[in-house]
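The values are calculated or read from the model by the stated rules, or taken from the named source; none is laboratory data. None of the values given here were measured: they were computed from a predicted structure. Counting neighbours? That spans all protein chains shown, and the Cβs are built from the backbone with ideal geometry, glycine included.
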Amino acid sequence: MSLKGKVYVKYVMALNRIVRSQLRPNVRRYNSINDIDLTEIKRLKKEYGIGGMIIDVDGTILQEYRNIPHSVLRALKLLNREFKIYFVSNGKSRKIAKLANILGIGYIPLAFKPRRKPFIKASEEMGLYPENIMVLGDGFLTDVLGGQRMGMHTATVKTLNSSNKLKNNDNMQR
């Protein structure tokens, strides 16, 4: 990563800490995407009228793209059966495309969240009103703020890092 990229990441992380103290997701905070099981899906549909999910990729469901954990694929496939799913990520196109193509879902890379435009496009592509969409991500500044600006429900997951990433024996080569 270039020096400019590293500075940007540090800046966003610092801003995220400040925003986190002020913003709260309005659905809940999950430990990981694997916490969203069939019971939770039914609750989201009934309680909030959720019909679609905008999901962040980097740090939310994957730390790296070489190995996609089986548990993540299972969770995403379950969610994709029950909801319309769309990836909106500030990550690079080729990385996001790989996962989206495996699952057969739409995606917007390099979204520059919390801008409104990618949330509007994802909402239109899913054919849903913003109030029927939940944004799931690890970033308060990008995902929670972006979703709440659009009137969408928001939920967070703990950011994946080396201390909480899934075990290597759960990885699938792609």
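General observations
- Some residue of the stretch 38-59 being without any contact (Cβ under 8 Å) to a residue 40 or more places away in the chain and under 20 Å from Glu125 (Cα atoms): yes
- Residue identified as crowded, with 18+ Cβ neighbours inside 10 Å, over 18 Å from His153 (Cα atoms) and out of contact with any Pro (no Cβ under 9 Å at 6 or more places or on another chain) among Val72, Val12: Val72
- In the stretch 115-135, the residues that are touching a Pro at 6+ places or on another chain (Cβ under 9 Å) and either hydroxyl-bearing (Ser, Thr, Tyr) or surrounded by 14 or more Cβ atoms within 10 Å (Cβ to Cβ) (or both): Phe119, Ser123, Val135
- Looking across Gln22, Gln63, one residue alone is in contact with a Lys or Arg (Cβ under 6 Å, 6 or more places away or on another chain) and surrounded by fewer than 21 Cβ atoms within 10 Å (Cβ to Cβ). It is Gln63.
- Any hit, the stretch 139-157, residues being touching a helix residue (DSSP H, G or I) at 6+ places or on another chain (Cβ under 9 Å) and more than 22 Å from Arg24 (Cβ to Cβ): no
- Selection within the stretch 83-108 - surrounded by fewer than 18 Cβ atoms within 10 Å (Cβ to Cβ), in a helix (DSSP H, G or I) and at pLDDT 85 or above: Ala97, Asn101, Ile102, Leu103
- Some residue of the stretch 139-160 being buried (at least 21 other Cβ atoms within 10 Å of the Cβ), free of Cβ contacts under 8 Å to residues at least 40 places away in the same chain, outside any loop (DSSP other than H, G, I, E, B) and touching a Ser or Thr at 6+ places or on another chain (Cβ under 8 Å): no
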